[in-house]
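Okay, so here's the structure we're looking at.
Please treat every number below as a calculation from the coordinates, not as lab data. Fair warning: this is a prediction, and the values are worked out from it, not measured in the lab. Quick reminder, even Gly has a Cβ in these numbers, built from the backbone with ideal geometry, and neighbours come from all protein chains shown.
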Amino acid sequence: MVYIKGRIINKVQGFYYVKTEDKTYECKLRGILKRKDKKDNCVVGDFVEISEEGNIIKIYERKNIINRPLVSNVDFLVIQFATKDPAMDFGRLNILLLNSFYYKVAPIIVINKIDLISEDEKNELKEKLKYLENINIPVFLISTYDKIGIENLEKIMKNKTVAFGGPSGVGKSSILNFLQDSKELVVGETSKRLKAGKHTTRDSKLLPSICGGYVIDTPGFSSIELPPIKDYNELISLFSEFSIEDGNRCKYLDCRHINEPDCVIKEKVKSGEISETRYNFYKQVYEKLKDERWKNHEKY
């Protein structure tokens, strides 16, 4: 029997649409793969094998999976905000970054609507985002209205699967329309009364990109919820700048980097080696999780 390898690009009411090198097949799950008690047993983004009859018979191991919405094997997550209308929300930016690290998807920051601010305001914004350089996160300042900076984003997205997240009204649909082969997304207007965007995205599927690869809108990733971090060790692991060499460790092996003496991380914050913005965000998340989720946990 001949089996064909492809990728799931859409799912509609139990049918999976699998893109191969030459065509797209409408498929169903077969046998043990068809588990009704597991919503993530087969998702958009999965690489699969299908039979000539249109049955999915194998799902390949994933490199990552995002739960809201369900999509797998994502190379980059573009976290998009606007300079104005709606205004930048740095707290939300840091929460989305934390989610990106938790789900093992490399983040890219895109700030749209630079046409709405002055050169001085742009320089001030760059300074506020400078701490991202220390953790190797690319930042792109763009204008979909004036078509500024789009080509730089296209270069990094070449032949990649790129998800887009961020609050409504920041121009995600506009930039997705620039990047896909066919204009399938509806562009919405920003609510002037609430200064927040109307939700215009209607589904989640892989859309062929003019850069090669795929783009996907991920409206569920725009929430301000913290990921399901199980304890403080997992939280610390999501801050790459907190990694410590063996010969330069904190005084206490279980240091939370909060109130303990002789803490290497706090010393690095004082010296400017670690961003104070990132460290303060870490403390806020630690306290929130300790109070709301880790109350009965032995190791918080």
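Below, the figures for the structure above:
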{"quantity": "No Cys partner within the rule (Cβ under 4.7 Å), the chain", "calculated": "Cys27, Cys42, Cys211, Cys263"}
{"quantity": "In region 1-103, GluC sites (Glu not before Pro) in a DSSP loop with at most 15 other beta-carbon atoms within 10 Å", "calculated": "Glu21, Glu52, Glu53, Glu61"}
{"quantity": "Region 1-37: trypsin sites (Lys or Arg not before Pro) in DSSP coil with no more than 14 other Cβ atoms inside 10 Å", "calculated": "Lys23, Lys34, Arg35, Lys36"}
{"quantity": "Of the chymotrypsin sites (Phe, Trp or Tyr not before Pro) in region 52-122, those whose Cβ has at most 13 other Cβ within 10 Å and which sit in DSSP loop", "calculated": "Tyr60"}
{"quantity": "Degrees, to the nearest 10: 119-128 long Cα axis against longest axis of the chain", "calculated": "80"}
{"quantity": "If the convex hull is drawn through the Cα atoms of region 74-161, its volume per residue in Å³", "calculated": "96"}
{"quantity": "Per residue Cα convex hull volume in Å³ - calculated over region 1-72", "calculated": "90"}
{"quantity": "For the chain, the Rg and Dmax computed from alpha carbons only, in angstrom", "calculated": "21.4, 66"}
{"quantity": "Once the Cα gyration tensor of region 232-292 is diagonalised, semi-axes √(5λ) in Å", "calculated": "18, 14, 11"}
